[in-house]
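The values are calculated or read from the model by the stated rules, or taken from the named source; none is laboratory data. In this text, all values refer to a predicted model and were calculated from it rather than measured experimentally. A quick note on method: Cβ atoms are made from the backbone with ideal geometry, for glycine too, and the neighbour counts reach across all protein chains shown. With ligands, DNA and RNA removed, areas are computed over all heavy atoms of the protein, side chains included. Shrake-Rupley method; radii C 1.70, N 1.55, O 1.52, S 1.80 Å.
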Amino acid sequence: MATISRTLLLLPGRPRKLFPVGNGDGLFRVLGSVRKLSTMEGATSEKPTDYPIVELPGLGKLKGSTTRGAWTGVNIYQFLNVRYAEPAMGERRFKPPVPVEPWDGVLDVSEPKLGSPVYKRMKLLTEEQRAENLEDCINLSVFTKDFNGRKPVIVYVHGGGFYDGAIYHYPPNYIMEKDVVLVVPQYRLGVLGFLCSNTKQIPGNAGVMDVVLAFEWVQKYISHFGGDPRQVTAMAQSSGAAMVSSLTYSPLVDTEKLFNRLILQSGNCHGSWVWDRSPERNCRDIAGFAGFDRKAPLEDVERFLMNLDIFSLMKAFTQHYRLRTPNGTDTIGGARMVFNDPNGLFPENPYFIMRKGGGRKNMPLLTGVTRHDGTFAFLEVFNILLFKKLIGDPHITIHRMVDEVNQVLGVDDPSCTIRTLTMAQFFTHEELASGDLRKLLPGFCDHTADVLIKGPVLKMAQNNAMYLPEQTYLYSFDYAGEHTRFGYGGDTSAIPFDGGVHHSNDLMYLFPYPPMAANLNEEDTSVAKRMVDLWTSFAIHGKPQAQDVPDWPPLNNVLGPYLKINKQFSIGQDFREEFTVAIKNPSEIEKKKRNETPSK
């Protein structure tokens, strides 16, 4: 079995434009002359005419390109989609990653490449793109301003439900205004990264192991980009946050050798949506959607999936995901991590390891949520209720609707405890008696956020504060700016509620993406600059600070204090107030007319 070095012990707007010009060579530094280049209205800056060339000892040379900071026009060197593992195809499909082999000559990484296969995007590929090796997708992008420095490093692991997302969605032009080095790894998505049959043939968690290997690559090579391997902050959102946080509970990964601090946005490994509890069944089901016998011997199912063409594989997974999600988000395979896996990465659910006092205890943590972190998921729940013909049926009682929602959310509780608390916490007697689902929408949106995101985030923050009460920071992102990610570019006109401060809206103030949101107005820019200051100062000094932001106190009480990020930043004292924000302010998620399509 391949080796992943020493830490994974189980193995023996508009888009930001690139500005590449000229040719050149060098060792660990940029060579060449500079010329005047207009970077902002009425301003010029010095810019190299040559592509930057970096040599990685034992691997080879890389040729990058340049971009610039969004606010000052500062020059940023970029190395895009640098392969850090061999293509996981053939017998390597579904397996742990194999570190990249050395290459001859200079590898051109000046232009972005395709990300990990995602079926909805695969259907849009040109014939030329379809002919590429789509499974050659384990790579990372590096952004730096000074090859000779020793700057703190931020490694950002993207989210996307374990099946979507790409590193080009996270341009560097805001964060790289600060004195850091940014690394954004691409890991295998969907079935390629998360399918599991509970055997060594398809052991599961391959995408998680890709992330581990990316952190190891950073430890070995980031100094050649001006980064300090001793000052690495892991930063992750949603499913990315679930992966990175889970590693802190793995007995086989020494995260102390990989990163010093951790930023988790809107997610961690304690959510109901994180784990595949029936991996073999789901593996068989995906094979069935591709036309194979679900009841065939497991070895035959595995061999079929190993040899299936990538388009058919991704199509079958997509069908499984769409048609099985109504049974519960905890019943899905091919887009979840697994515990008790054959490789022993997670011997049990990290929640129970945490309960027994396990996990990392020396990790400064910054974590939080968006104000309406559940509307993205309740949109899907609402569509499922429509699909089941449960909305508008006078014979469907509201308390049955509560049960249906809990089932989809993965918290279908036969003890009836959750449904009882749901009805007590989120709905009045009048709302329940009315039978009018529209009156219950704020409660359902809050309930969804609390079950999937806010409850797990608070729990992890509380647990971390037991060991590091002065280095655990909690926040709620409450700012409703010009743009939204609600619907992720899809048509939400038939949905009877709005996204509010939606899941992943906060990312638009850390990365200039999507394109229509990449040119922020003045007020949005002010929020973005302060957020970037907070996030990067935590990575640099361990304490989040920014101008025009009150001193952010650590979480030294069970429910606070915490930072409320809005047009005016403020300090909250009781995080439970975030559990019912839509109920208290229903107008924030009322359907609104928009002049723009939700950002993809």
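In the stretch 337-353, what residues are open to solvent by less than 10 Å² (accessible area, probe 1.4 Å) and within 29 Å of residue 378 (Cα to Cα)? 337, 338, 350 - these are the residues of the stretch 337-353 that are open to solvent by less than 10 Å² (accessible area, probe 1.4 Å) and within 29 Å of residue 378 (Cα to Cα). Answer yes or no as to whether residue 261 is open to solvent by 10 Å² or more (accessible area, probe 1.4 Å), not hydrophobic (A, V, I, L, M, F, W, C) and not assigned by the TED database to the domain that holds residue 352. Against the criterion (open to solvent by 10 Å² or more (accessible area, probe 1.4 Å), not hydrophobic (A, V, I, L, M, F, W, C) and not assigned by the TED database to the domain that holds residue 352), residue 261 does not qualify. Does residue 451 qualify as being among the β-branched types (Val, Ile, Thr), surrounded by 20 or more Cβ atoms within 10 Å (Cβ to Cβ) and over 30 Å from residue 357 (Cα atoms)? No, not satisfied. Does the stretch 258-274 hold any residues that are touching a Phe, Trp or Tyr at 6+ places or on another chain (Cβ under 6 Å) and more than 18 Å from residue 349 (Cβ to Cβ), and which are they? Hit for the stretch 258-274 is 258, nothing else.
Considered as a group, the residues in the stretch 354-388 that are open to solvent by 30 Å² or more (accessible area, probe 1.4 Å) and assigned to a helix (DSSP H, G or I) include one that is nearest to residue 323 (Cα to Cα), and that residue is 387. For the stretch 62-85, filtered to residues that are open to solvent by less than 30 Å² (accessible area, probe 1.4 Å) and not in a strand (DSSP E or B), the residue that is nearest to residue 524 (Cα to Cα) is 70.
Residues 400, 485, 419: which one is touching a strand residue (DSSP E or B) at 6+ places or on another chain (Cβ under 8 Å) and basic (Lys, Arg)?
Values: 400 fails: touching a strand residue (DSSP E or B) at 6+ places or on another chain (Cβ under 8 Å); 419 fails: touching a strand residue (DSSP E or B) at 6+ places or on another chain (Cβ under 8 Å).
Exactly one residue qualifies, and that residue is 485.
Which of the numbered conditions does residue 133 fail, given that it passes all the others? Conditions: (1) within 25 Å of residue 96 (Cα to Cα); (2) under 16 Å from the mean Cα position of the chain (by Cα). Here residue 133 meets the rest and fails (2). As a summary of the residue check, residue 227 satisfies the conditions (1) closer than 22 Å to residue 211 by Cα; (2) open to solvent by 10 Å² or more (accessible area, probe 1.4 Å); (3) small (Gly, Ala, Ser) except for the one numbered (2).
Within the stretch 292-332, the set of residues being among the small types (Gly, Ala, Ser) and buried (at least 18 other Cβ atoms within 10 Å of the Cβ) comprises 316, 328. Restricting attention to the stretch 236-258, the residues that are in a strand (DSSP E or B) and open to solvent by 20 Å² or more (accessible area, probe 1.4 Å) add up to 0. Within the option set 484, 422, being under 25 Å from residue 268 (Cβ atoms) and in a helix (DSSP H, G or I) holds for one residue only, 422. Of all residues assigned to the stretch 489-503, at least one qualifies as being of a type in the set (Ser, Thr, Tyr) and assigned by the TED database to the domain that holds residue 440. Please verify whether the stretch 460-478 includes one or more residues that are over 19 Å from residue 236 (Cα atoms), modelled with pLDDT of 95 or more, polar (S, T, N, Q) and outside any loop (DSSP other than H, G, I, E, B). No, there is no match, as no residue in the stretch 460-478 is over 19 Å from residue 236 (Cα atoms), modelled with pLDDT of 95 or more, polar (S, T, N, Q) and outside any loop (DSSP other than H, G, I, E, B). Among the residues here, residue 527 qualifies as of a type in the set (Val, Ile, Thr), outside any loop (DSSP other than H, G, I, E, B) and within 22 Å of the chain's Cα centre (by Cα). Residues that are closer than 17 Å to residue 531 by Cβ and open to solvent by 20 Å² or more (accessible area, probe 1.4 Å) within the stretch 454-495 comprise 480, 481, 482, 485, listed in sequence order.
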